[in-house]
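Only one structure is covered here, and it is reproduced in the block below.
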Amino acid sequence: MFDVLPTDSVLDINDEGLRQCIYEYPKVFAKFTAEDCAICKLLGPGFAKFANHEEYKGIRFVRLSSDENLVAKQFMDQRAAPFFVSYCQGRLLECDSLETNAAVQAQLDRLRAFVPPNG
């Protein structure tokens, strides 16, 4: 179904799971993907590698299939696949269609460095 076998570091979820995750974890990095997306498959191994990297251990990595999730499908209808979204403390910080591992890492680094305002 997905381009990478699920690991403990990447959680395959649905829309409801995403809503829960963004409130249960301080920082969440979501990949919206499609079965027929060549770029999604190309970026799959890098996404899994980032999820297992020590410097990103404070970030929860999740993957949603646009073919099976209404919210993911709406995102994918408006943007090209794959689509990456960063959340911090339940709030969407950044979302974009990315085509390279370097771009994915840059968005991850911004999420990792983000310090939410107090209060």
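Each reported figure results from applying straightforward, stated rules to the coordinates on display, with no laboratory input. All figures in this text were calculated on a predicted structure; none of them were measured in a lab. Backbone-built Cβ (ideal geometry, glycine too); neighbour counts: all protein chains shown.
Here are the numbers for the structure shown:
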quantity: Inter-label distance, nm, simple model (7 Å from Cα along the C-beta direction), GLN20/LEU70; calculated: 1.8
quantity: Relative contact order computed over the chain (Cα-Cα under 8 Å; 6+ residues apart), in percent; calculated: 31
quantity: Ranked ARG60, ARG110, criterion: other C-beta atoms within 10 Å, fewest first; calculated: ARG110, ARG60
quantity: Cα pair distances of the chain binned at 5 Å [whole percent]; calculated: 2, 12, 25, 27, 22, 9, 2, 1, 0
quantity: Across the chain: Cys residues that no other cysteine approaches within a C-beta distance under 4.7 Å; calculated: CYS21, CYS88, CYS95
quantity: Which of VAL28, VAL10 has the fewest Cβ neighbours within 10 Å, and the rest in rising order; calculated: VAL10, VAL28
quantity: Cα-based reach from LYS49 at 24 Å (exclusive), listing lysines while leaving out same-chain residues under 8 positions away; calculated: LYS27, LYS31, LYS41, LYS57
quantity: Chain lengthening between ASN101 and LEU42 when straightened (0.36 nm per residue, less Cα-Cα); calculated: 20.3 nm
quantity: Proximal charge balance of GLY90 [Cβ under 10 Å; K/R count +1, D/E count -1]; calculated: +1
quantity: Nearest-20 debye value, the chain charge dipole, Cβ charges on Lys, Arg, Asp, Glu; calculated: 400
